[in-house]
Amino acid sequence: MVLKMPDGTNVTVIEKMVLATIGAIVLIVVAIVLGHGCESPADVTEDIEALRVERDNLQAKTEMAERSLAARMAEVQGASEVYKILKDEVELLEAKKDGRKVTFYIELDLRQSHFTLDWEKHAKDAMNALQFSLPVDEDFYNEVKAGQPLVDKFRSGSAWVEGSFGSWKVTVNKKYTRISER
């Protein structure tokens with residue numbers, strides 16, 4: 001969470017808490033020095049120990065706040081993803097109900113990889129990779145997931161004939177639908 005300071009700079013809540021903690025410690029030290037200039041060394045030692053305990057408590061609270069914030073952010077991210085999925089499903093159902101044509105697509109990543117230490121072959125494999133979309137039926141669309149490998153096959157013919165050890169990989173990059181306007 002970001003807060004705007006009076007001077008116009010942006011500061012996170014954690015930074016604001018740290019700045020407030022440092023400010024409080026400085027004020028306490030100044031008050032001790034000015035107000036208790038005649039304190040005994042034992043009193044100063046007790047004050048220092050009290051400040052250390054207070055600092056440790058504030059650090060523990062800050063860490064707890066950071067963990068809580070991270071957990072809440074993860075919840076929001078998860079809820080956002082669920083919302084998008086549900087929104088897409090509702091749109092799909094409404095389109096089907098209205099009699100509009102829904103076309104299902106998967107985007108595939110096709111690449112070859114070689115088992116070699118030659119960086120030029122690896123660079124060539126990366127440059128020759130292809131991404132393309134294919135229309136599929138609804139059942140297949142629902143079966144596959146983004147990131148799922150469809151083919152990961154060793155090229156045995158090339159190994160026997162040319163001595164080239166490699167494989168073809170076909171992976172689902174993403175899935176999407178297109179809804180026609182009647």
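The values are calculated or read from the model by the stated rules, or taken from the named source; none is laboratory data. The structure presented is a predicted model; accordingly, all values stated were derived computationally and were not measured. Heads up, the Cβs are rebuilt from the backbone with ideal geometry, glycines too, and the neighbour counts pull from every protein chain shown.
In this entry, L69 passes the filter for residues that are under 30 Å from K16 (Cα atoms), out of contact with any Gly (no Cβ under 7 Å at 6 or more places or on another chain) and surrounded by 13 or more Cβ atoms within 10 Å (Cβ to Cβ). Where residues in the stretch 82-132 are in a helix (DSSP H, G or I) and touching a residue at least 60 places away in the same chain (Cβ under 8 Å), which of them is nearest to the chain's Cα centre (by Cα)? It comes out as D88. Can S80 be described as at pLDDT 85 or above and in contact with a strand residue (DSSP E or B) (Cβ under 9 Å, 6 or more places away or on another chain)? Taking the combined requirement at face value, the residue does not satisfy it.
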